[in-house]
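Only one structure is covered here, and it is reproduced in the block below.
Since every read-out is calculated from the coordinates, none of them should be taken as a lab result. Treat the numbers as computed from the prediction; the structure is a model and nothing was measured. Quick reminder, even Gly has a Cβ in these numbers, built from the backbone with ideal geometry, and neighbours come from all protein chains shown.
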Amino acid sequence: MIKKPTEQVLVVREEWANQFSRQGLSTNIHPDFLTQLPKQTLFMNRPEAEHNPAFKQIIPYVLVCLNGKYLTVTRQATQGEERLHNKMSIGIGGHINPIDGRVDDLLDAGLRRELSEELMTNNPPGIADLKLVGLLRDDVNEVGLVHLGVVMQWNISEPISIRETDKMVGEYLTLDEISLHKDGLENWSRIVFDYLIAVPTT
């Protein structure tokens, strides 16, 4: 039997990330974060990264907004990540892997790949095309402790569907409609939702 290669994910040291982020959503990303990021990253085997709080896995996390409605994704039991089953997300995101390109554009390349995999789009935007919202962390649980989200918003004029309809349910909802499902939001989405209610992004 051929052994499947261990997935490698992009990480930064927590002590470096602490300069720019705190518990919750840190808005107004300091310019030094993006300029210094390429020199601060390294790849780590995912099983190790999931249990090493000295490092944070970088996750592009995109809010897709259509005329005031946000694309919500509810993951079904057929989806691979058991921790997220039946949880609703208002962000599209995922890990950055070595296949995503050069060191200096890994965040941008990882963002484009993730959007292409998750959504029915052949021309995903890059970082320069999106609004940077903030850095997201949730250090109060084991999963959040080892991840750092780069939150961006993509404003679209026409609806874009999700690809894996057998694993996820996608729906555009207003913030008021999302509030009816707040108890079912995954932790990161709950933090972002609270921010959007207080300071809606445009």
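Spin-label model, LEU145/ASP194: points 7 Å from Cα along the beta carbon direction are separated by 2.0 nm.
Between LEU175, LEU115, LEU34, the Gaussian network model of the chain with springs among Cα atoms under 10 angstrom shows the greatest mean-square fluctuation at LEU34. Applied to segment 174-181, the Karplus parametrisation 6.51 cos²θ - 1.76 cosθ + 1.60 on θ = phi - 60° returns per-residue 3J(HN,Hα) values of 6, 4, 4, 5, 5, 4, 5, 10 Hz, with x for Gly and Pro. Counting lysine pairs in the chain whose alpha carbons fall under 21 angstrom apart, excluding pairs fewer than 8 residues apart on the same chain, gives 7.
Potential lengthening of the chain between ASP32 and GLU158 amounts to 42.0 nm, from the contour at 0.36 nm per residue minus the alpha-carbon distance. Annotation for LEU175 and LEU132: the two label points, set 7 Å from Cα along the Cα-Cβ direction, are 2.3 nm apart.
Around the amide H of LEU119, modelled in the peptide plane, lie the amide H atoms of ARG163, all under 5 Å away and 5 or more residues distant in sequence or on another chain.
A cut-off of 5 Å between modelled amide H atoms, ignoring neighbours fewer than 5 places along the same chain, links LEU185 with MET88. Diffusion of the chain by Stokes-Einstein, at 4 °C in a medium of 1.567 mPa s and with Rh set to the Kirkwood radius over alpha-carbon pairs, works out to 75 µm²/s.
For segment 1-79, the fraction of C-alpha pairs more than 22 angstrom apart is 46%.
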